[in-house]
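Taking it in order: structure first as structure tokens, then the write-up.
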Amino acid sequence: MFESLSDGLQSAFKSLRGKGKLTEANMRDGLKLVEQSMLEADVSYSVVQSFMQHVTEKATGRRVLMSLRPGEELVKIVYDELVEILGPVDSSLHLKSDGITVIMMCGLQGSGKTTTCGKLSQLLKEENIKPLLVAADLQRPAAIEQLRVIGRQLDVPVYAEDGASDPVKVCQAGVKQAQQEGARVVILDTAGRLAIDKELMDQLARIDKRVKPDQVYLVVDGMTGQDAVNSAGAFNEALELDGVVMTKLDGDARGGALLSVKHVTGVPIKFIGTGEHFDALEPFRPEGMTGRILQMGDMVAAAREA
Amino acid sequence: TKTSQVLNTDIRDLFKNDGRLVEDEFLGELFARLVRTDMGAGPAGRIRDDVATKFRGRKVEMEDILATIRDQVEAMLTQESAELSMADEGPTVILVVGVNGSGKTTSIAKLANRLTQEGNRVVLGAGDTFRAAAVEQLTIWSQRIGCEIVTGKPESDPASVAFATVQKAVDDNFDVAIVDTAGRLQTQTHLMQQLDKIRRVIGKPVPSAPHEVLLVLDATAGQNAISQARGFSEAAGCTGIVLSKLDGSAKGGVVIPIREQFELPVKFIGLGEGIDDMAAFDAPMFSQALFSDSLGKPE
Ligand SMILES: Nc1nc2c(ncn2[C@@H]2O[C@H](COP(=O)(O)OP(=O)(O)OP(=O)(O)O)[C@@H](O)[C@H]2O)c(=O)[nH]1
Ligand SMILES: Nc1nc2c(ncn2[C@@H]2O[C@H](COP(=O)(O)OP(=O)(O)OP(=O)(O)O)[C@@H](O)[C@H]2O)c(=O)[nH]1
Ligand SMILES: [Mg+2]
Ligand SMILES: [Mg+2]
């Protein structure tokens with residue numbers, strides 16, 4: 001993929017050389033390659049479409065700066081646009097100055113919710129803030145035990161009720177427990193669910209309504225494909241999300257689904273997960289993610305060579 | 001059939017009033033429908049261009065075009081056999097691999113349940129000694145199914161658990177041994193090498209093992225699944241795919257380019273979190289669902 005993208009961009013940029021202005025016509029080939037690259041990075045089709053339209057409008061008629069070649073100018077416009085869309089940066093957990101802050105994690109099955117609960121606890125502990133984890137996944141076999149093990153590993157209290165069947169009650173009791181223990185942050189680990197599973201989505205909305213978490217984060221797998229728009233849209237509709245965490249970015253996934261998620265939810269992207277260990281959580285950086293989605297380092301190089 | 005009607009459409013259709021003219025807008029819409037299945041921009045573009053070559057300027061129905069594409073996908077995904085390869089004698093050994101959270105452990109439970117119901121004596125090997133409560137998760141499933149399980153200590157060597165499982169299968173005359181592994185990303189070289197070690201170790205008690213190395217792919221995944229198929233095939237010699245989480249709104253179309261590039265057959269699909277939510281892969285059903293709202297229900 002990269003070989004052809006790089007080669008293609010070089011020839012696309014060649015045809016741009018010496019032109020004083022970017023026009024729809026002279027950008028066409030270059031933009032096609034950008035579009036294809038974004039689709040290969042798993043940005044949803046509809047999101048790519050509206051992005052391309054936006055960039056075309058933005059770039060058309062733009063005078064090419066003397067210091068830049070036309071290809072570089074186009075790449076810069078695309079890059080800056082993506083950085084802007086993925087921002088603004090807000091990695092704060094918005095903890096209350098007094099009282100307990102409740103954070104709820106939600107998402108599809110296996111996206112990395114429980115692990116991210118552990119990572120957030122680690123982060124809080126480093127700041128000398130006491131968290132408490134609540135085992136609200138009553139679905140997956142050994143989900144409670146998984147959270148308990150994580151609690152032991154991090155020396156963080158875990159509230160769990162074996163044999164419970166109503167996650168709303170567990171969450172409420174967990175918040176009470178936090179008050180007694182003097183924890184400042186409660187993190188609710190909910191069960192994974194499909195966005196089209198009405199019953200389970202209703203259950204999540206019920207937790208949201210009755211427990212009133214201060215922050216609701218959607219945990220999205222970095223390898224997600226085109227369906228990201230549907231699932232993120234549904235979670236946002238049911239819950240009014242406050243933030244997004246994208247996991248498993250330690251591999252070679254380009255993570256274009258993040259752009260889809262941002263597009264449909266509009267909420268800040270808080271962190272990215274870069275490993276299975278508790279310290280593998282990084283504050284989100286739009287520049288890094290843009291480079292990753294577009295393989296931009298390479299594209300900039302390609303533009304320069306042209 | 002509708003298919004042959006479309007393929008036999010000719011210039012006379014120009015004078016028909018029904019249908020839609022195949023021009024840029026139509027082709028764009030088609031491309032969008034194809035890309036949304038996660039088959040990738042490359043394959044989607046090729047199919048679109050093919051339709052453009054054959055039908056540009058003619059009138060057709062989108063549904064008819066999609067029907068021929070379905071047929072092509074079906075033909076491509078139809079495999080000689082989606083059956084599990086079983087050992088000629090002695091226990092059949094199945095190794096299950098995949099990236100983190102793809103659905104390995106749950107798929108093992110479903111498979112074990114299926115095989116048990118078919119009358120096999122099954123033993124599971126809890127080869128994920130890394131993730132918190134991975135052993136407990138598989139143990140709970142083994143209890144629900146009523147099958148045996150071999151476990152090791154947390155953080156112990158997964159290869160030794162795999163070995164012990166297969167050895168037990170030989171000693172106690174089990175029909176099938178299924179070995180779970182920890183999730184790993186295909187880019188993690190040392191963890192991928194560990195899979196090779198597990199493979200070699202289970203070949204000691206049973207020289208013909210493993211008889212299957214199943215790669216569990218999450219249907220929600222996009223183009224990275226191609227890299228997964230490549231990485232896991234190279235490191236662990238995969239023999240088939242389990243496509244999990246097809247009960248959601250994701251289509252799992254990425255198995256199309258995977259099939260093109262690696263010839264890995266899809267053997268099973270996962271359709272939920274329950275023990276019975278697994279079906280043998282069915283190319284017609286899968287192709288049918290590609291462009292519909294839910295499995296089997298046309299849009
Ligand atoms: N490589 C990598 N693995 C991760 C990351 N985050 C989570 N994982 C792994 O992904 C798998 C699933 O993580 P969980 O935290 O159990 O996911 P979950 O969303 O709680 O899953 P359910 O509760 O079953 O819906 C585990 O193997 C984790 O170790 C990450 O950032 N990188
Ligand atoms: N909806 C749905 N959920 C599934 C399916 N298969 C697995 N899951 C869920 O996906 C999550 C992860 O499944 P696991 O079986 O633990 O995945 P894994 O690959 O073993 O995960 P790690 O061992 O952490 O790498 C769990 O919540 C499962 O219940 C499926 O076919 N459909
Ligand atoms: Mg969990
Ligand atoms: Mg597992």
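Things worth noting here:
- Checking each residue of region A:158-180 against the condition of being under 20 Å from A:Thr101 (Cβ atoms), away from chain B (no Cβ under 14 Å) and assigned to a loop (DSSP other than H, G, I, E, B) gives no match.
- Within region A:88-112, tally of residues that are away from every other protein chain (no Cβ under 14 Å) and either over 14 Å from the mean Cα position of the chain (by Cα) or over 20 Å from A:Glu240 (Cβ atoms) (or both): 14
- Counted residues, region B:198-239 - those being of a type in the set (Asp, Glu) and either more than 13 Å from ligand 1 (Cβ to nearest atom) or in contact with a Cys (Cβ under 8 Å, 6 or more places away or on another chain) (or both): 2
- Residue that is farthest from ligand 3 (Cβ to nearest atom), among those in region B:168-182 that are under 28 Å from the mean Cα position of the chain (by Cα) and not in a strand (DSSP E or B): B:Asp175
- 2 or more residues modelled with pLDDT under 70 and within 14 Å of chain B (Cβ to nearest Cβ): qualifying helices (runs of 4 or more DSSP H) within region A:1-74: A:2-14
- Members of region B:140-181 that are free of Cβ contacts under 8 Å to residues at least 60 places away in the same chain and within 13 Å of ligand 2 (Cβ to nearest atom): B:Ile140, B:Pro158
- When the test is whether a residue is out of contact with any His (no Cβ under 8 Å at 6 or more places or on another chain), away from chain A (no Cβ under 14 Å) and within 16 Å of ligand 1 (Cβ to nearest atom), B:Leu195 passes it.
- Being assigned to a helix (DSSP H, G or I) and at pLDDT below 95 is a condition met by no residue of region B:107-115.
- Restricting region B:246-276 to residues that are away from every other protein chain (no Cβ under 12 Å) and part of a loop (DSSP other than H, G, I, E, B), the residue that is nearest to B:Asn113 (Cα to Cα) is B:Asp276.
- When region A:133-147 is filtered for residues that are within 11 Å of another protein chain (Cβ to nearest Cβ) and either assigned to a loop (DSSP other than H, G, I, E, B) or surrounded by fewer than 20 Cβ atoms within 10 Å (Cβ to Cβ) (or both), the ones remaining, listed by number, are A:Gln139, A:Arg140, A:Pro141, A:Ala142.
- The lone exception for B:Pro154 - which of (1) within 14 Å of chain A (Cβ to nearest Cβ); (2) not in a loop (DSSP other than H, G, I, E, B) it fails: (2)
- Residue ID - surrounded by the fewest Cβ atoms within 10 Å (Cβ to Cβ), chosen from residues in region B:32-41 that are part of a helix (DSSP H, G or I) and more than 8 Å from chain A (Cβ to nearest Cβ): B:Arg33
- Selected residue (only one of A:Val267, A:Val216, A:Val244 is among the aliphatic types (A, V, I, L, M), surrounded by fewer than 23 Cβ atoms within 10 Å (Cβ to Cβ), within 23 Å of A:Ile100 (Cα to Cα) and modelled with pLDDT of 95 or more): A:Val267
- Residues located in region A:189-217, provided they are within 16 Å of ligand 2 (Cβ to nearest atom), in a strand (DSSP E or B) and not acidic (Asp, Glu): A:Thr190
- Subset of region B:77-134 (residues that are away from ligand 1 (no atom under 16 Å from the Cβ) and of a type in the set (Asp, Glu)): B:Glu80, B:Glu83, B:Asp88, B:Glu89, B:Glu118
- Contact annotation: residue pairs with Cβ atoms under 7 Å, 6 or more positions apart or on different chains, pairing a residue in region B:67-84 that is over 12 Å from B:Phe286 (Cα atoms) with a partner that is part of a loop (DSSP other than H, G, I, E, B), are B:Gln79/B:Pro265; B:Ala82/B:Pro265; B:Ala82/B:Phe281.
- Members of region B:82-136 that are more than 10 Å from ligand 4 (Cβ to nearest atom), hydroxyl-bearing (Ser, Thr, Tyr) and buried (at least 19 other Cβ atoms within 10 Å of the Cβ): B:Thr92, B:Thr129
The values are calculated or read from the model by the stated rules, or taken from the named source; none is laboratory data. These figures come from a predicted structure and were not determined experimentally. Positions of Cβ are backbone-derived with ideal geometry, glycine not excepted, and every protein chain shown enters the neighbour counts.
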